[in-house]
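The structure under discussion appears below in the form of structure tokens.
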Amino acid sequence: MKPAGTLYGIGVGPGDPELISVKGLKILQSVPVVAFPAGVGDRTGMAERIVADWLQERQVKLPLTFPYVRDESILAAAWQQAAREVGEVLQSGRDVAFVSEGDVSFYSTFTYLSETLKRQHPHLEIRTIPGICSPLAAAAELGIPLTIAGQRLAVLPALYAVEELERALDWADAVVLMKMSSVYPQVWQVLQRRGLLDRTYVVERATWPEATVYRGLRDRDNLQLPYFSLTIIQVRPAEIPTTDSGTFSANDRSLK
């Protein structure tokens, strides 16, 4: 009987195919089966799009369906079905690489797949390869530090009530909003009231050729943001000491 294959979770970064790690790329190209979240409708999923040029003809593609809903029973059923599909391949002795945009441990679908698979097949080996997550990519796109020194960072993966943002702004020095297109008008009002519009940055599709950057949101109360957009709020920018008597602010353009 063949030994079971290994499942590799590979973070392939925020969009630019060249931002995958060397280790991740080597494993990606060595496995016979590559799995990824299926796209919606006829559209190619983001992870599949990122790795498309790295894949070889001999490799089998395994799209897995993960519905974009909040109903836990529907989600659990989808994770179980995906785990069964991957488990069958692994038990046949073939390795599988599951590719995920960003990092596999940072709000990733891979976590649900791997945890469900562990329950179904505790003996299977699962390894993870880290990737660049979207907040780091957005900061790089902007040319600003995300955090420095002792600054405190808050990351809100989805904003369903502006009260969550209010609480984060009270204690964090920098706040990242990963999904806020549906509540943008309410968020803009909070930022205006707190005097933070000029210290707020939005990046759409970070590292993609079609990336769009907004530096400051003053007079942008009606901005229409796509799903893949990310906001960085520098609530209390740190002062960076220099060798002379001056300082640089953490959002100083001269830091680029």
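The values are calculated or read from the model by the stated rules, or taken from the named source; none is laboratory data. What you are looking at is a predicted structure, and each value in this text was computed from that prediction instead of being measured. For neighbour counting, all protein chains shown are included, and Cβ atoms are generated from backbone atoms with ideal geometry for every residue, glycine included.
Can you pull out every residue in the stretch 147-187 that is closer than 28 Å to Glu239 by Cα and of a type in the set (Gly, Ala, Ser)?
Initial filter on the stretch 147-187 (closer than 28 Å to Glu239 by Cα): 147-157, 164-178, 187.
Passing the criteria: Ala149, Gly150, Ala154, Ala168, Ala172, Ala174.
For Phe66, indicate whether it is more than 14 Å from Ile129 (Cβ to Cβ), outside any loop (DSSP other than H, G, I, E, B) and in contact (Cβ under 8 Å) with a residue 40 or more places away in the chain.
On the way: more than 14 Å from Ile129 (Cβ to Cβ): yes; outside any loop (DSSP other than H, G, I, E, B): no; in contact (Cβ under 8 Å) with a residue 40 or more places away in the chain: yes.
Considered against the rule, which asks whether it is more than 14 Å from Ile129 (Cβ to Cβ), outside any loop (DSSP other than H, G, I, E, B) and in contact (Cβ under 8 Å) with a residue 40 or more places away in the chain, Phe66 comes out as no.
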- Hey, any hits in the stretch 27-38 for a residue that's outside the structural domain of Thr207 (by TED's automatic domain parsing), among the polar types (S, T, N, Q) and at pLDDT 95 or above? yes
- Query: Do you know which of the residues in the stretch 10-37 that are over 14 Å from the mean Cα position of the chain (by Cα) and of a type in the set (Gly, Ala, Ser) is surrounded by the most Cβ atoms within 10 Å (Cβ to Cβ)?
  - Reply: Ala35
- Here the qualifying pairs (Cβ atoms under 6 Å; residues six or more apart or on different chains; first in the stretch 18-44 and in contact (Cβ under 8 Å) with a residue 24 or more places away in the chain; second of a type in the set (Ser, Thr, Tyr) and assigned to a helix (DSSP H, G or I)) come out as Pro37/Thr109
